[in-house]
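The values are calculated or read from the model by the stated rules, or taken from the named source; none is laboratory data. These numbers were taken from a predicted model, which means no experiment stands behind them. Quick reminder, even Gly has a Cβ in these numbers, built from the backbone with ideal geometry, and neighbours come from all protein chains shown. Note: accessible area is taken over every heavy atom of the protein model, side chains too, but ligands, DNA and RNA are not part of it. Shrake-Rupley method; radii C 1.70, N 1.55, O 1.52, S 1.80 Å.
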Amino acid sequence: MGIDIEAGGRVWNKPRVTKSENPYVRLLIKLYKFLARRTESKFNKVILKRLNMTGKSKPPLSMQRLAKFMEGKDGKIACVVGTVTDDKRL
């Protein structure tokens, strides 16, 4: 007697872990994993998810584009998970 498995087979989902050797990234992941678990804040869960993304999924963001996104949001703080490139025109 066997197990009735659908066409796709069994699905095994393991949470992605970072391959980064950077100790600061690892500490940030440890911190946000704790905060995502212990608080109801969606922000912490989003940051943890983005810290665990692959490098391909975290494209660089220019200062000019960041300034454009932050237009009209005085007093707000921008949080970018990824590389912020320098822009001489600003």
(Q) Counting other C-beta atoms within 10 Å, and keeping those with at most 15, which DSSP coil chymotrypsin sites (Phe, Trp or Tyr not before Pro) do you find in segment 4-53? (A) Trp12
Q: Once you've got the Cα coordinates, tell me which of Lys42/Lys68; Lys33/Lys88; Lys14/Lys73; Lys42/Lys88; Lys45/Lys76; Lys30/Lys56 are over 31 Å apart.
A: Lys33/Lys88; Lys14/Lys73; Lys42/Lys88
Q. Using a basic spin-label model with each label point 7 Å from the Cα along Cα→Cβ, how many nm lie between Lys30 and Ile77?
A. 2.2
**Q.** Kirkwood-type radius of the chain, with distances r between different C-alpha atoms, in Å
**A.** 16.3
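What does the highest-first list of 45-54, 73-82 look like by mean Cβ count within 10 Å? Numbers along the way, then the final one.
Numbers: 45-54: 15.8, 73-82: 9.6.
Packing order, densest peptide first, comes out as 45-54, 73-82.
Please compute the net charge surrounding Thr39, taking Lys and Arg as +1 and Asp and Glu as -1 over other residues with Cβ under 12 Å from its Cβ.
Details: positive: Lys33, Arg37, Arg38, Lys42, Lys45; negative: Glu40.
That works out to +4.
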Q: Return the distance in nm (one decimal) between the two label points of a simple spin-label model at Thr18 and Lys68, each offset 7 Å from Cα along Cα→Cβ.
A: 2.8
Q) Taking H as built 1.01 Å from N, whose amide H comes closer than 5 Å to the amide H of Leu61, not counting residues under 5 places away? A) Thr83, Val84, Thr85
Q | Per residue, in Å², the accessible surface of the chain once ligands and nucleic acids are set aside, probe 1.4 Å | A | 93
(Q) Computing the accessible area with a 1.4 Å probe over protein heavy atoms, can you report the carbon and sulfur percentage for the chain? (A) 57
